[in-house]
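Quick note: the coordinates plus some simple rules give every number you see, no bench work behind them. Since the model is a prediction, treat every value here as computed from it, not as a measurement. Glycine gets a Cβ as well: all are built from the backbone with ideal geometry, and neighbour counts include every protein chain shown.
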Amino acid sequence: MKKLVLFISGLFLISPLVAQNVTYAYDSAGNRTSRTVRLSSPAKSSENPAEEIVFEDLVSKHEVKIYPNPTKGVIAVEIFNFNAEVTADFLLTDLSGKVIYRLPAVSGYETLDLSRQPDGLYVLRLTVNGEATVWKIIKE
């Protein structure tokens, strides 16, 4: 019995050392098209975006990266192979549905500033050439 208690205690001590983030992408019919799993240490510094978790997805045959998440204020969104023929827009809402940002993408790299918003969860809907994906954004 003592060994079982020690084993279970050890599991609870080890589990916070690694965080797992899973993101899914869906097509307009609701079918899952991709899954990205990132493992990281929650003790990483949030000062350097290169050390942050980067969420990746494929939307309308364009690779998309969103980082850092969680954020202290500014989120970067990169859409690769962005050109004049690509149409993209962002819709950022809070959990009650209140629109924070609604804007078109004018380049392959956009930033969204959440620094004036309260800490909490937000929903980012990115539409590229009519194909949409939804992301959960955490503001700390």
Handout entry: Spin-label pair residue 121/residue 65, simplified geometry with 7 Å Cα→Cβ offset, distance in nm
Key = 2.7
Exercise for the section: Rank these for me by crowding, 123, 106, going from fewest to most other beta carbons within 10 Å. Expected result: 106, 123
Handout entry: Residue order, fewest to most surrounding Cβ atoms within 10 angstrom, among 93, 111, 23, 87
Key = 111, 87, 93, 23
Exercise for the section: Pop a pseudo-label 7 angstrom from the Cα along the beta-carbon direction at both residue 103 and residue 58 and give the gap in nm to one decimal. Expected result: 3.0
Handout entry: Using a Förster distance of 22 Å, the FRET efficiency for residue 85-residue 28 (Cβ separation, nearest 0.05)
Key = 0.65
